[in-house]
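The values are calculated or read from the model by the stated rules, or taken from the named source; none is laboratory data. Predicted model only: the values in this text are computed from it and were never measured. We place every Cβ from the backbone using ideal geometry, glycine too, and count neighbours over all the protein chains shown.
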Amino acid sequence: MPFGNSHNQLKMKFSSEQEYPDLSKHNNHMAKVLTPALYEKLRSKQTPSGFTLDDVIQTGVDNPGHPFIMTVGCVAGDEETYEVFKELLDPVIQDRHGGYKPTDKHKTDLNPSNLKGGDDLDANYVLSSRVRTGRSICGFCLPPHCSRGERRAVEKLSVEALGALTGDLKGKYYALKNMTEAEQQQLIDDHFLFDKPVSPLLLASGMARDWPDARGIWHNDNKTFLVWVNEEDHLRVISMQKGGNMKEVFNRFCTGLTKIEELFKNKGHAFMWNEHLGYILTCPSNLGTGLRAGVHVKLPNLSKYRQFEEILKRLRLQKRGTGGVDTAAVGGVFDISNADRLGFSEVELVQMVVDGVKLLIVMEKRLEKGQAIEDLMPAQK
Amino acid sequence: MASSFARILSSKRKVGILSLVGAGSLTVGFFLNREQHVNAGAHVRRIYPASAEYPDLRKHNNCMASHLTPAVYAKLCDKTTPNGYTLDLAIQTGVDNPGHPFIKTVGMVAGDEESYEVFADIFNSVIKERHNGYDPCNMKHPTDLDSSKIRGGQFDAKYVLSSRVRTGRSIRGLSLPPACTRAERREVERVVIDALAGLKGDLAGKYYSLTLMNEQEQQQLIDDHFLFDKPVSPLLTCAGMARDWPDARGIWHNNEKTFLVWVNEEDHTRVISMEKGGNMKRVFERFCRGLQEVERLIQEKGWEFMWNERLGYILTCPSNLGTGLRAGVHVTLPRLSKDPRFPKILDNLRLQKRGTGGVDTAAVGNTFDISNLDRLGQSEVQLVQTVIDGLNYLIECEKKLERGQDIKIPAPISQFK
């Protein structure tokens, strides 16, 4: 629960030992970094909007661990969180993002013509292609901490900006609270509708407050470009289509994002970004590009190959079920996407997915014919 | 409010204060400063006007939504209690949970004792609606834990399977579960289990901390139906009561398993007296004795329960103000429960039926949980007597129906005595 700064004063009358959370049974990035000494050092601080250390870590205290992945265990309430609590968040970021140092600089590259190939992933194997990221709007608190007024202002601004898109990006906004039954069913059938979060990781951070106020979905008429408003971040931007033309998906992604950024700038609002952390999002795991580029691909043979996990690791790829994070694969179809978010540019990450998936399909075809694939084992990227 | 704080600071609570404050003079200074803040809480961060922040309650059906007009919201949204609790925090659970299929929920909680004062403009309306017209502005709540006044209360075990009385108590000076810090919650635990350790005779017992419990202890508590689990109801989780689970939560019970205290679940403490069979009189006697003994033990250490003469015992949810008491039995009424007049009879007797799983459950077979409807405006003795008299009537009806005789709907009993 986001507490105002006045409530933080209450905690200060107790000693740091008395307030320090019991993390003895915990296994998340926050728990690994937050020693009693660090807690004592940071607990009197707050961001200008009043976000405190305990607000940052509440989700990690309430959720000791996750069966499949090592969770982050902290969230940002505003842009300044990453600065004020850098002594906690820098080591968390370093651990989560493969050694990314506090002094490192992140490259942003949203020029789609820098992507080589990617328009010809074998459609016999690749069922669909998708690229997503998130964006936060400067001057507004993030979902764990925003007030109703702020969230509504984010929605209003977003709807205005998106309303100015033209051509194949022209579309329509559906507010969650005004949706008709028919609209709702259509969005579900299109796999566009997001629901109130149920994951305790999200609920414990306060992101679901006031649901469904100021939440909604915008998509273009072609149903290939989609924006979620006020779900886990201010904006989640998704470009997707059936088949294996990742290049076209990425083109649209970059064009759309660039246009949207311009429209927001015209209204006097930039996206949160800095040269160390790239794009600023609620969860530290999504910093940098916030980008997940992935495909749904049939790999029934390769997925049973004893070195499947190792191959993915070397290609810097990650597998998920076709329901997304926290789901299992169905019928040999996997969601394969980039594992990294920070320290590589958008183009570099999509290139890794394109090149990596190409190789996986070659391997799958060999295994289908009963041929060996050891000679194809990639080096660690 | 300044007067009650002066009383606390000057009373024999030095031990409690020092244990909270530690050695630093800075924090002692803060404590003394706190008294000045009693009437003027710190200002809330506000960038948007109240009209931009007012929640959308058009699809809502709870007591908070019925009474929180834009005008009331605007009046209260900038205020905080001395601890920093705000209106937005108090109403969050009601904003996030528009309604409940079976009952009209309250839709707001208190973060501390002062919430009921600072946000009186909304709490008083909610209290009035929830407690059937009780007006905190001009009525007083009677407290009476003298169990010797009870007449009857020993029921035929053919009908009454078990008897139970529960209430809650809050420790004055510490924030309530929606708002408490980890240190405050741990302090509640320390104060309470320290007091419970002083209970003797049939009340002597043991504390089981949720964080330290072993598998065997856990299984035993489940088998005894004593173990409470992390709240899953969004009504509770949206209010922030499940934060830091299971830190500083636990269950205490006496060796005879007839007196039970929950620590830091929905309230600082929930106190339960129960036994199999129909001896409600004995259950209530133990209830009163146990409560009074615990109160004496915490007072020895300079602490007291939250209580005032307008609202009685102060608890997290406004629905539990006054006595916070629910006295009930599991009773089998195979014929009466099928009679179409049953709901009206219960209503006039000011009783409520639930399933044997408690609130939000349905009855199994012909066994019901029957308890008092009211919490505020009548004393503990009055409410338990109401349950006893009412049960006697219900059992009489059942017996009449057994004999083929007809039954009558009783005249409605008056609500505020």
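Just one of the listed residues (B:R169, B:R151) is in the same structural domain as B:R350 (by the TED database) and farther than 30 Å from B:F226 by Cβ, and it is B:R151.
Within region B:155-171, none of the residues are among the acidic types (D, E), within 20 Å of the chain's Cα centre (by Cα) and over 30 Å from A:D210 (Cβ atoms). Does region A:336-349 include one or more residues that are touching a Gly at 6+ places or on another chain (Cβ under 6 Å) and farther than 23 Å from A:E374 by Cα? Yes, the conditions are met somewhere in region A:336-349. Residues in region A:18-39 that are touching a residue at least 24 places away in the same chain (Cβ under 8 Å) and closer than 15 Å to B:T181 by Cα: A:E19, A:P21. With respect to the stated conditions, A:M272 fails to be touching a Gly at 6+ places or on another chain (Cβ under 6 Å) and of a type outside the set (F, W, Y). In region A:43-50, is there at least one residue being over 16 Å from A:L142 (Cβ atoms), polar (S, T, N, Q) and at pLDDT below 95? Among the residues of region A:43-50, at least one is over 16 Å from A:L142 (Cβ atoms), polar (S, T, N, Q) and at pLDDT below 95, which makes the answer yes.
Within the span defined as region B:253-266, one or more residues are touching a His at 6+ places or on another chain (Cβ under 7 Å), free of Cβ contacts under 8 Å to residues at least 60 places away in the same chain and among the aliphatic types (A, V, I, L, M).
In this entry, A:T103 is excluded by the filter for residues that are of a type in the set (S, T, N, Q) and either within 14 Å of chain B (Cβ to nearest Cβ) or under 19 Å from the mean Cα position of the chain (by Cα) (or both).
Residues checked against (1) among the charged types (D, E, K, R); (2) crowded, with 17+ Cβ neighbours inside 10 Å:
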{"position": "B:D223", "(1), (2)": "yes, no"}
{"position": "B:V232", "(1), (2)": "no, no"}
{"position": "B:G240", "(1), (2)": "no, yes"}
{"position": "B:N254", "(1), (2)": "no, yes"}
{"position": "B:V261", "(1), (2)": "no, yes"}
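Considering region A:45-96, the qualifying helices (runs of 4 or more DSSP H), each wholly inside and each with 3 or more residues that are closer than 27 Å to B:C180 by Cβ, run over A:53-62, A:86-96. Of the residues making up region B:177-213, those that are in a loop (DSSP other than H, G, I, E, B), out of contact with any strand residue (DSSP E or B) (no Cβ under 9 Å at 6 or more places or on another chain) and away from chain A (no Cβ under 14 Å) are B:G198, B:K200.
Quick grid of which residues meet (1) farther than 30 Å from B:F416 by Cβ; (2) modelled with pLDDT under 95; (3) polar (S, T, N, Q):
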residue	(1), (2), (3)
B:S148	no, no, yes
B:T167	no, no, yes
B:S170	no, no, yes
B:A195	yes, no, no
B:Q220	yes, yes, yes
B:S233	yes, yes, yes
B:L236	no, yes, no
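Residues that are within 14 Å of another protein chain (Cβ to nearest Cβ), out of contact with any strand residue (DSSP E or B) (no Cβ under 6 Å at 6 or more places or on another chain) and hydrophobic (A, V, I, L, M, F, W, C) do occur in region B:156-176, at least one of them.
Among the residues making up region A:16-44, those that are in contact with a Ser or Thr (Cβ under 8 Å, 6 or more places away or on another chain) and in a loop (DSSP other than H, G, I, E, B) are A:D22, A:N28, A:R43.
One residue stands out in region A:6-19 among those that are more than 7 Å from every other protein chain (Cβ to nearest Cβ) and surrounded by 18 or more Cβ atoms within 10 Å (Cβ to Cβ): the one that is modelled with the highest pLDDT, namely A:S16.
Can you tell which of B:K75, B:K79 is out of contact with any Gly (no Cβ under 9 Å at 6 or more places or on another chain) and either surrounded by fewer than 19 Cβ atoms within 10 Å (Cβ to Cβ) or more than 16 Å from A:R148 (Cβ to Cβ) (or both)?
Numbers: B:K79 fails: out of contact with any Gly (no Cβ under 9 Å at 6 or more places or on another chain).
Result of the check over B:K75, B:K79: B:K75.
The set of residues in region A:164-204 being assigned to a loop (DSSP other than H, G, I, E, B) and either over 30 Å from A:T258 (Cα atoms) or over 23 Å from the mean Cα position of the chain (by Cα) (or both) consists of A:A164, A:L165, A:T166, A:K170, A:K177, A:N178, A:M179, A:T180, A:V198, A:S199, A:A204. A residue that is part of a strand (DSSP E or B), in contact (Cβ under 8 Å) with a residue 12 or more places away in the chain and closer than 30 Å to A:M207 by Cα occurs nowhere in region B:221-233. Scanning region A:194-208 for residues being touching a residue at least 12 places away in the same chain (Cβ under 8 Å) and either facing another protein chain (nearest Cβ under 9 Å) or not hydrophobic (A, V, I, L, M, F, W, C) (or both) gives a total of 8. Of all positions in region A:324-335, at least one carries a residue that is buried (at least 16 other Cβ atoms within 10 Å of the Cβ) and closer than 30 Å to A:D90 by Cα.
Looking only at region B:155-175, which residues are in contact with a Leu (Cβ under 8 Å, 6 or more places away or on another chain) and either of a type in the set (S, T, N, Q) or surrounded by 21 or more Cβ atoms within 10 Å (Cβ to Cβ) (or both)? Those that are in contact with a Leu (Cβ under 8 Å, 6 or more places away or on another chain) and either of a type in the set (S, T, N, Q) or surrounded by 21 or more Cβ atoms within 10 Å (Cβ to Cβ) (or both): B:F155, B:V160, B:V165, B:T167, B:G168, B:R169, B:S170, B:S175. Each residue in region B:214-244 was checked for being within 11 Å of chain A (Cβ to nearest Cβ) and over 20 Å from the mean Cα position of the chain (by Cα), and 1 pass.
So that you can scan it fast, the table gives a plain yes or no per residue for (1) among the polar types (S, T, N, Q); (2) touching a Phe, Trp or Tyr at 6+ places or on another chain (Cβ under 6 Å):
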| residue | (1), (2) |
| --- | --- |
| A:A293 | no, no |
| A:V297 | no, yes |
| A:G321 | no, no |
| A:S337 | yes, no |
| A:D340 | no, no |
| A:S345 | yes, no |
| A:L359 | no, no |
| A:A372 | no, no |
| A:K381 | no, no |
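Counting only strands (runs of 3 or more DSSP E) that sit wholly inside region A:286-346, those with at least 1 residues that are in contact with a helix residue (DSSP H, G or I) (Cβ under 8 Å, 6 or more places away or on another chain) and polar (S, T, N, Q) are A:317-320, A:333-338. Only one of B:R341, B:R350, B:R375 is in contact with a Ser or Thr (Cβ under 9 Å, 6 or more places away or on another chain), in contact (Cβ under 8 Å) with a residue 12 or more places away in the chain, basic (K, R) and on the phi < 0 side of the Ramachandran plot. Can you tell me which? Of the residues listed, the single one that is in contact with a Ser or Thr (Cβ under 9 Å, 6 or more places away or on another chain), in contact (Cβ under 8 Å) with a residue 12 or more places away in the chain, basic (K, R) and on the phi < 0 side of the Ramachandran plot is B:R375.
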